[in-house]
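Following: one structure in structure tokens, then a few remarks.
The values are calculated or read from the model by the stated rules, or taken from the named source; none is laboratory data. Computed from a predicted structure; not experimentally measured. Cβ atoms come from the backbone with ideal geometry, glycine included; neighbour counts cover every protein chain shown. With ligands, DNA and RNA removed, areas are computed over all heavy atoms of the protein, side chains included. Shrake-Rupley method; radii C 1.70, N 1.55, O 1.52, S 1.80 Å.
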Amino acid sequence: MKLATKLSLSAVAVFSIALIGGGYSLIEVNYSNEAQRISRIVDEAVQKISTSTDTLSSALVVADETDLPLTLAFVDMDNQITTITESSVQLREAPQLSVMQDAVEKAVVIDGEIEYQLRAIDMGGSEFLLVATSTEAAHHARDNNLLALALVSALAIALSGAAITILIRRDLKSVIQTIAAT
């Protein structure tokens, strides 16, 4: 393989790695920021509900005012679940007690048919008010961004290869001849 071809391929490879690596990093930062935004909104909702004197009424008001669709459910001492409001997250069974206790402190991500973030408000007497919202929009946005990155990268790599071949190859040949002469 000629030195000009090796240098052209090397330049395209370096460009490709930088483009894909940088693009992927930005996509992951964006996804992380979206997950944190969702968590922050759910935390604020839980804070408003838990500081209220009438928890259930306040929960309904907060669910209506929040930017994200929330599922609110009450878990009684017999571990029976009663749905108050429902979004795309459908809570048919109460989570394990340890999960609900963890969700009192911070958002817990629950995998399932639809991945969601769960927060819980301890109502006392082994009763909890659950607040859940889907993380599907963040995943969907990340998937779309990855697809866009793949398409843009393929186009940019093809254009950079063509540009190097057309614009720089002639100059590379003269540089190679100069180096060979020395």
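Share of carbon and sulfur in the accessible area of region 1-128 stands at 53%, probe radius 1.4 Å.
Modelled label positions at I157 and T182, each set 7 Å beyond Cα in the direction of Cβ, lie 3.4 nm from each other. One quarter of the convex hull surface built on the alpha carbon atoms of region 34-74 amounts to 2.8 nm², the projected area averaged over directions.
Charge dipole (Cα centre; +1 on Lys/Arg Cβ, -1 on Asp/Glu Cβ; no other charges) of the chain amounts to roughly 2040 debye.
In the context of the full set of protein chains, residues of the chain present 61 Å² of accessible surface per residue (probe radius 1.4 Å, heavy atoms only).
Qualifying trypsin sites (Lys or Arg not before Pro) in region 48-110, where qualification requires a DSSP coil assignment and no more than 15 other C-beta atoms within 10 Å, comprise R92, K106. What you get for region 7-92, charging only the Cβ of Lys and Arg (+1) and of Asp and Glu (-1), is a dipole of about 380 debye around the Cα centre. Whole-percent P(r), the chain, all Cα pairs, 5 Å bins from 0: 1, 7, 13, 14, 11, 8, 6, 6, 5, 5, 5, 5, 4, 4, 3, 2, 1, 0. For region 18-121, the spread of Cα coordinates along the three principal axes comes to 55, 26, 23 Å, biggest extent given first. Using 0.36 nm per residue and subtracting the Cα-Cα separation, the extra length available between R92 and T51 on full extension is 12.1 nm.
Computed about the Cα centre, the dipole magnitude for region 54-123 is approximately 60 debye when only Lys and Arg (+1) and Asp and Glu (-1) carry charge, each at its Cβ. Here the spin labels are modelled as points 7 Å beyond Cα on the Cα-Cβ line, and at M123 and L68 they lie 2.2 nm apart. Round to the nearest 10 and give me the degree value, 0 to 90, for the angle of helix 136-163's Cα axis relative to the longest principal axis of the chain. Taking Cα atoms only, the helix is inclined about 0 degrees.
Under 1.5 on a/c is rounded, so check that first for region 73-130, then, if it is not, pick prolate when a/b is larger than b/c and oblate when it is not; a ≥ b ≥ c are the square roots of the alpha carbon gyration tensor eigenvalues. All intermediate terms of the calculation are to be shown ahead of the outcome.
Working: a/c = 1.79, a/b = 1.24, b/c = 1.44.
Since a/c reaches 1.5 but b/c is at least a/b, the shape of region 73-130 is classed as oblate.
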